[in-house]
There are 2 protein chains.
Amino acid sequence: MRQSYHEELEDINACLVEMANAVGSAMSTATTSLLDADVALADLVIAGDDHIDATRESIEQRCFTLLARQQPVAGDLRTITTAMRIVSDLERMGDLAVHIAKVARMRFPDHAVPQEVRPQLLEAGHVAEMLISKAATVIAKRDIEAARELEKDDDAMDQIHRGLFRQLLSDDWPHGIETAIDITLLGRYYERFADHAVSVARRVVYLVTGEREPVSAD
Amino acid sequence: MRQSYHEELEDINACLVEMANAVGSAMSTATTSLLDADVALADLVIAGDDHIDATRESIEQRCFTLLARQQPVAGDLRTITTAMRIVSDLERMGDLAVHIAKVARMRFPDHAVPQEVRPQLLEAGHVAEMLISKAATVIAKRDIEAARELEKDDDAMDQIHRGLFRQLLSDDWPHGIETAIDITLLGRYYERFADHAVSVARRVVYLVTGEREPVSAD
């Protein structure tokens, strides 16, 4: 029984990694749909979110069953409660990819993103992919080094976000309020995506080292 | 031991209610600081968030200790895992109150909110207070009726939010991009606050009835 119990724990972890990869694909596709005004890709992201939500449900249920049947203590207990938290960060990251896809869909056949801020959003997309891919590594290998790197990628996202606002507020912003609203919300979605990746990494660091870093208020 | 265990469960629930009330005060103060451009109130909200975060930490730790020492099953186990989820919704709602206070602080001594959209933000503040106060009742009394009402208040928040956008996009919006960005983000903060209140209520409904309502992707 103990053997199958630890196998179950490992399998739950493998599912978390798979879920992180699915979220990464969703984010990457969402960014492409946004920058190419590709409504078919946007719809893929929107439809695919059900699968991510179902994965969350399934992982939560398996964690709950382990808690109820195995009554784990100490390290195993902490592993399970950490998994339950990570799964909700990942689900939320999937939702944010959907929000981005929905902006693309709403403005189609127009481009939601004008040329002036295209480089920043392209970069935000790249950093987001990097963040979720490192988060997957952190989950898979409990890799503390990757967790530290991820914090730096989050700093890069903050810089992109600030750059985006500078652009919106420059005197020669030629687009109207509607586009400014879209870009403001898009910037917020990418920033929140990054925050959740940091949160995933910090939960694993805490699990492994017992060191808790202050959770950002953003 | 069983007796003190159930007392501990009840006490944790009482702490959740207190935390919800603290979040309600933070939100109410944040709205006032925003509408009155009152930087002292804004600072109160910002400083007070440490207390809310500490309450979260303490409730989580107590839940974890119960899981480890008492190895609860069935209903008690679900009560504890639900508390662990609710506490993270509440903490996030506190963060959103801080975000609102920070907009007030950033624009001080100017008003962040121009007269045109003041009624909508006043109303958003009222609905937010109603939502968190009902959420506290739902937690305290497992009151399913209050949980249903709360969903309607959330619809009201969505309407306010849409009205805000209409106003921003009307041809006679006389304020610049910067104000539009502020209002866009403020609208988002109030909307997310409402979403988390709904999430709290749904978690309690699920705990009591076993009925899970689909969690919104917003």
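FYI, it's all coordinate maths here, none of it is from the lab. No experiment lies behind these values; they were computed from the predicted model shown. Because the Cβ atoms are built from the backbone with ideal geometry, glycine has one as well, and the counts that use them run over all protein chains shown.
How large is the helix-only mean residue ellipticity at 222 nm for the protein assembly as shown, computed as the sum of -39500 (n - 2.57) over DSSP H runs with n ≥ 4, divided by its residue count, in deg cm²/dmol to the nearest 500? Before the final figure, lay out each step's value.
Working: 12 runs with 368 residues, N = 436.
Mean residue ellipticity at 222 nm (helix-derived): -30500 deg cm²/dmol.
Extending each Cα 7 Å along its Cβ direction at B:S58 and B:H6, get the distance between those two points in nm, one decimal.
Those two pseudo-labels are separated by 2.5 nm.
So what does log10 I(q)/I(0) come out to for the range B:52-157 at q = 0.14, 0.18, 0.22 Å⁻¹, using the Debye formula with one equal point on every Cα and no solvent?
Computed log10 I(q)/I(0) values: -0.73, -1.01, -1.22.
Angle check, please: helix B:39-70 long axis (alpha carbons) against the longest principal axis of chain B (alpha carbons), in degrees 0 to 90, nearest 10.
That helix lies at roughly 20 degrees to the long axis.
How far, in degrees from 0 to 90, does helix A:177-209 lean away from the longest principal axis of the Cα atoms of chain A, to the nearest 10?
Once rounded, the angle reads 20 degrees.
Between B:R118 and B:R69, with labels modelled 7 Å along Cα→Cβ, what's the label distance in nm to one decimal, could you check?
5.4
Among A:R192, A:R162, A:R105, which one shows the highest mean-square fluctuation when chain A is modelled as a Gaussian network with alpha-carbon springs under 10 Å?
Fluctuation is largest for A:R162.
By count of other Cβ within 10 Å, fewest leading, how are B:M106, A:M130, B:M27, A:M19 ordered?
The order, fewest Cβ neighbours first, is B:M106, A:M130, A:M19, B:M27.
Averaged over its residues, how many other protein chain Cβ atoms are within 10 Å of peptide A:65-77's Cβ atoms?
Details: counts 0, 0, 8, 7, 1, 1, 7, 3, 4, 1, 0, 0, 4.
Mean number of neighbouring Cβ atoms from other chains: 3.
Does anyone have the angle between helix B:144-169 and the longest principal axis of chain B? Alpha-carbon axes, 0 to 90°, nearest 10?
20
I want to check a number: in the protein assembly as shown, how many lysine pairs have alpha carbons closer than 30 Å, given a sequence separation of 8 or more or different chains?
Lysine pairs, 8 or more places apart or on different chains, close enough: 11.
Could you list log10 I(q)/I(0) for chain B at q = 0.07, 0.10 Å⁻¹, which the Debye formula gives when each Cα is one point scatterer?
-0.24, -0.47
I'd like the distance between the alpha-carbon centres of the range A:79-109 and the range A:118-174, rounded to an integer number of Å.
Here the two parts' Cα centres lie 16 Å apart.
Going by C-beta contacts inside 10 Å, put B:R92, B:R118 in order with the fewest on the left.
Numbers: B:R92 17, B:R118 13.
Arranged by neighbour count, lowest to highest, B:R92, B:R118 become B:R118, B:R92.
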